[in-house]
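Take a look at the structure set out below.
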Amino acid sequence: QVQLVESGGGVVQAGGSLRLSCAASGHVSGIDTMRWYRQAPGNQREVVATITKGGSTEYDDSVKGRFTISGDIGESRMYLQMNSLKPEDTAVYYCYAVWWGNPFWGRGTQVTVSP
């Protein structure tokens with residue numbers, strides 16, 4: 001089993017930056033992929049960015065060039081640097097990990113971008 005805890009959310013003006021962190025604990029050696037998801041009110045949860053144990057990264061088109069995912073799955077930590085934030089980035093951001101093929105979720109951290 002794995003536990004995931006996010007931190008770093010908050011309120012920022014449009015154009016500003018935030019850095020989210022996710023710390024994993026438990027039997028973390030079985031994690032091979034981690035992702036950031038987000039869910040805005042009334043919307044479905046959507047993937048924002050992915051990082052694999054090999055270091056490969058992927059981004060949703062809506063955040064390419066503005067967000068950067070980083071971290072070391074072996075160290076059980078993942079980050080999301082969010083720059084040039086827009087009001088439409090407002091959402092609850094969730095840390096997600098695949099552990100021996102099983103999904104695990106954090107509880108989320110709120111990001112609010114004011115106009």
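The values are calculated or read from the model by the stated rules, or taken from the named source; none is laboratory data. Since the structure is predicted, the reported quantities are computational estimates derived from the model, not experimental observations. For neighbour counting, all protein chains shown are included, and Cβ atoms are generated from backbone atoms with ideal geometry for every residue, glycine included. Only protein heavy atoms, including side chains, enter the accessible area calculation; ligands, DNA and RNA are left aside. Shrake-Rupley method; radii C 1.70, N 1.55, O 1.52, S 1.80 Å.
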* Asked: Restricting region 22-33 to residues that are assigned to a helix (DSSP H, G or I) and open to solvent by less than 70 Å² (accessible area, probe 1.4 Å), which is nearest to K86 (Cα to Cα)?
  -> V28
* Asked: Out of region 82-102, which residues are assigned to a strand (DSSP E or B), open to solvent by 20 Å² or more (accessible area, probe 1.4 Å) and within 17 Å of I69 (Cβ to Cβ)?
  -> Y94, Y96, V98
* Only one of G42, G26 that is at positive phi and touching a strand residue (DSSP E or B) at 6+ places or on another chain (Cβ under 7 Å) -> G26
* Would you tally the residues in region 34-73 being part of a strand (DSSP E or B) and either closer than 18 Å to T90 by Cβ or open to solvent by 20 Å² or more (accessible area, probe 1.4 Å) (or both)? => 18
* **So W105, is it within 13 Å of the chain's Cα centre (by Cα), open to solvent by 30 Å² or more (accessible area, probe 1.4 Å) and within 14 Å of R35 (Cβ to Cβ)** => yes
